[in-house]
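A.B. asks: This is the structure I want to talk about, given as structure tokens.
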Amino acid sequence: VSLADPREELVRVSRLLYLRGLVTAAGGNVSFRVSDEMFWITPSGPHKGTLSPSDVVLMSTSGEVVETSGRKPSSEWRMHAAVYRARTDARAVVHTHGPLSTTLGTTSGVVRPMSEEGIIYLGGAVRCIRWRRAGTWELAEAVANSLRDSNAVIIERHGAVTLGPTLEIAAARAEALEEAAELYLGALTSPRACWRSVLWP
Ligand SMILES: [Zn+2]
């Protein structure tokens, strides 16, 4: 398997996201689109930190499994399919369960990046959409709609979704969002939190 194999990339990025605490053994998923309607996605079941390329599943945006070694695609594949339909420029979608971005998005409705890096990667404030049941088209369409004019969105009490022209960039956005939440939480809870209006009007 060459380095250019998207399955290798998916496995590598999944492991990095797991080590960073952004996906858990069973929660979160990553995909990479190889044509208009086909994408590789991490499977349902195996631990996200120890996947191998043969675990990854090729499927179509209409939900057909095209190639698998026996694994089922992530139960949240609809979210990926809907994002690829809504954003023809997206080549990769990363769905994380980052604790701080989830908590802060849920409680304050938004995560505002403060650092230059955060602003560059996220563009601006990241919205939180209301909870809908995981794995449903209802959630998938809500996520995709929110990502029409943004590269990141938080789902209330669940996690976040980022996209990018490459897997590296989608993953970097996921990490930037969690870092932004860490900084934002620090600023909000700091004894000088009243100064926050100076930091970002
Ligand atoms: Zn999830």
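A.B. asks: Could you tell me whether residue 134 is within 16 Å of the ligand (Cβ to nearest atom), surrounded by 22 or more Cβ atoms within 10 Å (Cβ to Cβ) and free of Cβ contacts under 8 Å to residues at least 60 places away in the same chain?
C.D. replies: The answer is no for residue 134.
A.B. asks: Go through (1) part of a loop (DSSP other than H, G, I, E, B); (2) within 16 Å of the ligand (Cβ to nearest atom); (3) surrounded by 16 or more Cβ atoms within 10 Å (Cβ to Cβ) and name the single condition residue 113 misses.
C.D. replies: (2)
A.B. asks: What do you reckon, is residue 13 crowded, with 16+ Cβ neighbours inside 10 Å and either at pLDDT 95 or above or within 16 Å of the ligand (Cβ to nearest atom) (or both)?
C.D. replies: yes
A.B. asks: Oh, and also: For the subset of the range 116-131 comprising residues that are within 16 Å of the ligand (Cβ to nearest atom) and more than 15 Å from the chain's Cα centre (by Cα), which member is surrounded by the most Cβ atoms within 10 Å (Cβ to Cβ)?
C.D. replies: Per the criteria, the residue is 131.
A.B. asks: Looking at the range 137-146 only, could you name the residues that are of a type outside the set (Asp, Glu), surrounded by fewer than 20 Cβ atoms within 10 Å (Cβ to Cβ) and either more than 14 Å from the ligand (Cβ to nearest atom) or over 15 Å from the mean Cα position of the chain (by Cα) (or both)?
C.D. replies: Passing the criteria: 137, 145.
A.B. asks: Here's another thing I want to ask about it. Quickly run through the range 116-141 and pick out the residues that are in contact with a helix residue (DSSP H, G or I) (Cβ under 7 Å, 6 or more places away or on another chain) and in a helix (DSSP H, G or I).
C.D. replies: 117, 118, 121, 122, 137, 139, 140, 141
A.B. asks: Right, something else. Determine whether residue 15 is part of a helix (DSSP H, G or I), touching a Gly at 6+ places or on another chain (Cβ under 8 Å) and closer than 18 Å to residue 171 by Cα.
C.D. replies: On the way: part of a helix (DSSP H, G or I): yes; touching a Gly at 6+ places or on another chain (Cβ under 8 Å): yes; closer than 18 Å to residue 171 by Cα: yes.
Yes, satisfied.
The values are calculated or read from the model by the stated rules, or taken from the named source; none is laboratory data. All figures in this text were calculated on a predicted structure; none of them were measured in a lab. Using ideal geometry, Cβ is built from the backbone for each residue, glycine included, and neighbour counts are taken over all protein chains shown.
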